[in-house]
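Worksheet for the structure shown next.
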Amino acid sequence: MDDDTASPPPPRPFQLGVTGGIGSGKSTFAAMLHACGAALVDADGIARSVTQPGGAAIPAIRAEFGADYVDASGALDRGRMRSLVFADPGAKQRLEAIIHPLVGKAIAQAVTHAARAGLRLIVLDIPLLTESPRWARQLDAVLVVDCRENTQISRVQARSALAEDAIRAIMATQSSRAARRAAADIVVYNDGLTLADLQANARRIAGLFGL
């Protein structure tokens, strides 16, 4: 006799949001967790991809804001949109109302794929996690990679040509260290560590999830 009973769905992976200020090393740490066997989703990368030429958000952006906000290549005109958002705070909410559902759908698909692959942990690399209330409903825990502000500045200067005042301006648009740490379930203090030290931290945390 055939057993027609459907097999139960695989368990949902634990969703760990990884964040930190510019220059903190949060993307490096997320990649290290990935190397330990976690699935990795770059939320910022998804948001960028849906606003590239042919991206899923482009038709709605054109309809909502007008053709002037789509550049000649068919991508979001980021400079023009940035100016609009500074002048009209409501524009940011309108843009997010288009982009966030698309990012959420892509993340849900990634979680489903990870579950089917039998992965226990999915790491979401989210630069502005603590700046948006939407993530608290989706994540099981938050890991913050933290370091001193002077360390952030020196790291960014080492990898780019940005002046200190430009870096500080970017930092001013992000949550404070205190706010990020307050939202964290796990804090990795990435100051004065070698890459080997950071990898050891990643292996330790991955081990908490059986990786």
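The values are calculated or read from the model by the stated rules, or taken from the named source; none is laboratory data. The structure presented is a predicted model; accordingly, all values stated were derived computationally and were not measured. Virtual Cβ from ideal backbone geometry, glycine too; neighbours counted across all protein chains shown. Areas reflect the complete protein model, heavy atoms only, side chains present, ligands, DNA and RNA absent. Shrake-Rupley method; radii C 1.70, N 1.55, O 1.52, S 1.80 Å.
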Exercise. If r is the Cβ-Cβ distance from A182 to S154 and R0 is 22 Å, what FRET efficiency results, to the nearest 0.05?
Worked result: 0.30
Problem set entry | Computed [θ] at 222 nm, deg cm²/dmol, the chain (DSSP H ≥ 4; -39,500 (n - 2.57); rounded to nearest 500) | -15000 deg cm²/dmol
For this session: Within 10 Å, count the other beta carbons around each residue, average over each peptide in 118-126, 133-141, 58-66, and list them highest first.
Result: 118-126, 58-66, 133-141
Seminar exercise, completed: So for R0 = 35 Å, FRET eff. of A163-R94 from the Cβ-Cβ r, to 0.05, ends up at 0.60
Exercise. Considering the zone a paramagnetic label at A35 would reach in this model (a point 7 Å from Cα along the Cα-to-Cβ line), which residues of the stretch 170-211 have amide N under 19 Å from it?
Worked result: 188-211
Problem set entry | All-pairs Cα distance distribution in the chain, expressed in whole percent, bin size 10 Å | 8, 28, 32, 22, 7, 2, 1, 0
Seminar exercise, completed: In Å², rounded to a whole number, the accessible area per residue of the chain with probe 1.4 Å is 54
Exercise. Given labels modelled 7 Å from the Cα in the Cβ direction, how far is it in nm from D71 to H113?
Worked result: 2.7
Exercise. Quick one: if the Förster radius is 22 Å, what FRET efficiency do Q138 and Y189 give, using the C-beta to C-beta distance and rounding to 0.05?
Worked result: 0.30
